[in-house]
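J.: Attaching a single structure in C-alpha cells format; questions to follow.
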Amino acid sequence: MKRSRRHSTVPPGRPPKRRSSPRPPSRVSTPPPPPARLVARIIDESDSSLLDVLDNLLNRGVVLNADLILALADVDLVYVRLSAILCAADRLLPDETSE
Amino acid sequence: MRELEAMREQLEGLAKASPPRWNADPEDVRRSVVKLVLTLVEFIRQLLERQAIRRMDAGTLTREQTEAVGLALMRLEETVRDLGAQFEIAPEDLTLDLGPVGRLM
Amino acid sequence: MKPASEGIYLYALAEPDLPRHLTVLGRRLRNLPIGNVAAVIERRAPPDFTTEAVRQQHAIITRLTARLPVLLPARFGSVTDEPALRTLVSRHRAEILAAFEQVRGCVQMTVRIFGMCDDVADEPRSGARTGTEFLEQARQRSKHVRPEAGIVRAAMSACVKAERIAAGERQGLLTVFHLVPLERLDLYRQRASGLHSMLSRHVTVTGPWPVFAFAPELF
C-alpha cells in the first residue's frame, strides 16, 4: 500500500481479542485508547467459530446461494443450485409511483 | 447444551460440504410436495411483506398501494394456511432447514 | 442485480484513497472508484458455497479492515456487473457515506443468547379486516423487541453505538450485533461479562469482528 499508515501497536499484555465466553474484567485501569484508526490483529481464521463466519457473511433473506438435493425414498435424484440475489424492486427499477 | 450440540452437528455438515436434502416421504409424496411448495411460497410472501414494511417506513407507498399490497399479502397468507391445513401441515412446519446456514425463515 | 458469467465479485466498499490493485491472501483485488466510494472487487466467477470459500472471504475482509481506515463488507455471493454496481452505489451514495461515518473507528461484537423459547410474536395473528390493518400489524410485529434483547440493550448501551438483532433464524437462538467504538471496547467486555447472570441463559460474546452487520444492504 502506498498511502502512509499511522498504525498504533497493540499495547503489550493486552489479552487476545476473541473469546467464546464472556470474560471477567482483566485490569483495574485501562491505558489511554489508541487513535481512532482501527487496530485489528490478524486473527487466525481457522480458530474463528464457523458460526460467526457464517452469520457475518450470510444474510439469508438477501443473498441465497445454497444447494439442495431432492431425493425420493432416500435416493438422490435431482441436484438444485439455488443461486438467487434478491433485489428490492424499488432500488433497481425507475420509481413508477412518482406520477 | 442441546442447542449447541445440534448446531455443532449442523456446522460439521457444512464442513463436509454436503448439501441439505429434501427427501419426499414415499408414503405421502403429495404431502411432501405440498409442504415444499408452500414453504417456498411462504418464504417469498415473507420477503414481500418485509419489503412492503420497509417501503411503509420509508414513506414510499401511497395509501392505495398500502391497502392493495396488504390485502394481497393477507390473502396469500390465508391461502397458504388453508392449503396447508388440508394436508395437516401447520404454519410452523413451513420452514426449510438449510443446515448450518440456519432456517430459511 | 443480475449474476454475470464473467462478472464482478464484490467484497466491500471503502473510501476512494486506496491503491488500484490489492493482493490479499493471494487474490488480486481491484479498486473500482465510483465517485467518492471505492468498490473492492475481483473479476472472477462466484465461489462455490463451501466452508473454505466462506472462511477465505472472512479472512480477506479481516485483512482489508486492518489495512484501511473504513470498510463496509459485502455479503458472501455478491455477484454483479459494472453497470449495475455503479447504479446501486450511486443510488445509495448518501446511505453509504453515512455508514462510513457511523462505523469509522468501530468494531463489531456479537452476543448470542441460547435457550430462547417461542416468542409471543410467533403466535397466530389476530384477524385483520383490511389490507392496511394487516400490513400495520405485520409492521408492529417486526418492531417487537424480545425482552432478552431489551436487557442486553440496557446493559450495554453505554458502550454501543448501534445494534442489529437477528431472531428466528436459528432454533432457540437470539443474536445481537453491536457496533462498538474502539475506545469503549474494554468497557464493553467488562459489561458483557455480566450478561449471562443477568439473563440466566447461556450467553456467548465473540469479536471483535469487522463491521459486517452494519454495512447497508445494497440489494
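J.: Scan segment C:178-207 and report the pairs whose first residue is closer than 18 Å to C:G115 by Cα and whose second residue is among the aromatic types (F, W, Y), with Cβ atoms within less than 9 Å and a gap of 6+ or a chain change.
T.: C:R201/C:F114; C:H202/C:F114; C:V203/C:F114; C:T204/C:F114; C:V205/C:Y188
J.: On to the next question. Tell me whether segment B:19-41 contains one or more residues that are at pLDDT 75 or above, at the interface with chain C (Cβ under 10 Å from one of its Cβ atoms) and assigned to a helix (DSSP H, G or I).
T.: no
J.: Taking segment C:38-75, which residues are free of Cβ contacts under 8 Å to residues at least 24 places away in the same chain and of a type in the set (A, V, I, L, M, F, W, C)?
T.: C:A53, C:V54, C:A66
J.: Kindly indicate whether B:D93 is more than 10 Å from chain C (Cβ to nearest Cβ), at pLDDT below 90 and within 19 Å of the chain's Cα centre (by Cα).
T.: Here the answer is yes, as B:D93 does meet what is asked.
J.: So C:V145 clears everything in (1) in a helix (DSSP H, G or I); (2) more than 7 Å from every other protein chain (Cβ to nearest Cβ); (3) loosely packed, with under 15 Cβ neighbours inside 10 Å except one condition, right? Which one?
T.: That leaves (1) as the condition not met.
J.: Sticking with this structure for a sec: Can you name the number of the only condition in (1) in contact with a Cys (Cβ under 9 Å, 6 or more places away or on another chain); (2) farther than 30 Å from B:Q65 by Cα that C:L88 fails?
T.: Condition not satisfied by C:L88: (2).
J.: Here is a list: C:C159, C:C106. Which entry is more than 14 Å from chain B (Cβ to nearest Cβ), modelled with pLDDT of 90 or more and in contact with a helix residue (DSSP H, G or I) (Cβ under 6 Å, 6 or more places away or on another chain)?
T.: Being more than 14 Å from chain B (Cβ to nearest Cβ), modelled with pLDDT of 90 or more and in contact with a helix residue (DSSP H, G or I) (Cβ under 6 Å, 6 or more places away or on another chain) holds for just one of C:C159, C:C106, which is C:C159.
J.: Still on this structure, please answer the following. Of the residues C:A53, C:A99, C:A66, C:A74, which single one is in contact with a strand residue (DSSP E or B) (Cβ under 7 Å, 6 or more places away or on another chain), outside the structural domain of C:R191 (by TED's automatic domain parsing) and under 16 Å from C:R27 (Cβ atoms)?
T.: Being in contact with a strand residue (DSSP E or B) (Cβ under 7 Å, 6 or more places away or on another chain), outside the structural domain of C:R191 (by TED's automatic domain parsing) and under 16 Å from C:R27 (Cβ atoms) holds for just one of C:A53, C:A99, C:A66, C:A74, which is C:A74.
For (1) in contact with a strand residue (DSSP E or B) (Cβ under 6 Å, 6 or more places away or on another chain); (2) assigned to a strand (DSSP E or B), each residue gets a yes or a no:
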residue	(1), (2)
C:A155	no, no
C:R164	yes, yes
C:H178	yes, yes
C:D186	no, no
C:R189	no, no
C:S197	no, no
C:T204	yes, yes
C:A213	yes, no
C:P216	no, no
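J.: Where in segment C:16-128 are the helices (runs of 4 or more DSSP H), entirely inside, with at least 3 residues that are exposed (fewer than 15 other Cβ atoms within 10 Å of the Cβ)?
T.: Per the criteria, C:82-91, C:93-103.
J.: Inside segment B:59-79, can you point out the residues that are hydroxyl-bearing (S, T, Y) and assigned to a loop (DSSP other than H, G, I, E, B)?
T.: Scanning segment B:59-79 gives B:T60, B:T62.
J.: Assess whether C:R153 counts as being buried (at least 17 other Cβ atoms within 10 Å of the Cβ) and away from chain A (no Cβ under 14 Å).
T.: Considered against the rule, which asks whether it is buried (at least 17 other Cβ atoms within 10 Å of the Cβ) and away from chain A (no Cβ under 14 Å), C:R153 comes out as no.
J.: Report the residue count in segment B:47-66 for those that are within 8 Å of another protein chain (Cβ to nearest Cβ) and within 15 Å of the chain's Cα centre (by Cα).
T.: Count: 3.
The values are calculated or read from the model by the stated rules, or taken from the named source; none is laboratory data. Bear in mind that the values here come from a model prediction, so they are computed numbers and not experimental data. Positions of Cβ are backbone-derived with ideal geometry, glycine not excepted, and every protein chain shown enters the neighbour counts.
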